[in-house]
Amino acid sequence: VFLLTPSTLFAYNVCASQDFSWQATNFPRHPVTALAATAHGFLFAGTKSGIYRTSDDGMTWQPCNSGLHCLAVSAFARDTLGHILVSTDGGIHRSIDNGETWQWLSSDSSYGIVLNDSNGHLFSSGPYFLKSIDDGTTWTPSLPSFPQWAICIDAEGNLFVSNPPGMGHGIYRSTDEG
């Protein structure tokens with residue numbers, strides 16, 4: 001389990017520890033904007049200056065930005081095959097090799113990205129609401145036509161988006177995938 005504070009990334013090993021304490025990882029001093037873990041034992045930390053990856057519970061971190069068009073990371077998601085996707089100010093990218101390289105999928109700026117586990121569709125919030133029905137290979141603009149900030153999906157498949165800071169205080173729901 002990992003805990004993120006504004007200045008430190010902590011690790012907690014649930015199986016090995018009974019004292020319920022957190023230990024700071026050796027993460028470089030960059031503010032972390034997003035975290036993601038893979039089934040292959042990798043943890044990714046997104047920052048405004050790129051992506052870092054660890055496979056040893058945070059003891060060592062390596063930058064992994066090959067192929068990214070923009071280093072400002074806002075969110076991670078996984079597709080149905082377990083590949084990691086990242087949303088950045090420069091678009092959406094996917095890695096099929098655990099972060100060694102990133103493939104550019106969409107040039108649209110993205111603030112958030114989520115997967116609907118029931119059908120494999122992906123959704124991205126940003127200046128445009130984007131939808132992918134092919135594991136992120138192609139993205140199509142959809143409603144709403146206003147900028148969105150945060151995005152999430154509930155267990156029933158309902159999508160929720162919020163207005164960006166400074167653009168109102170609304171949260172909107174879609175029951176038909178936008």
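The values are calculated or read from the model by the stated rules, or taken from the named source; none is laboratory data. Source: prediction; values computed, not measured. No Cβ is skipped: glycine too gets one built from the backbone with ideal geometry, and neighbour counts run over all protein chains shown. Just so you know, the surface numbers come from the protein's heavy atoms only, side chains and all, with ligands and any DNA or RNA stripped out. Shrake-Rupley method; radii C 1.70, N 1.55, O 1.52, S 1.80 Å.
Overview of results
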quantity: Matching residues in the range 58-76 - criterion: being in contact (Cβ under 8 Å) with a residue 40 or more places away in the chain and either surrounded by fewer than 16 Cβ atoms within 10 Å (Cβ to Cβ) or assigned to a strand (DSSP E or B) (or both); calculated: VAL73, SER74, ALA75, PHE76
quantity: Which numbered condition ALA45 fails, given (1) open to solvent by less than 30 Å² (accessible area, probe 1.4 Å); (2) closer than 26 Å to GLY157 by Cβ; (3) not in a loop (DSSP other than H, G, I, E, B); calculated: (2)
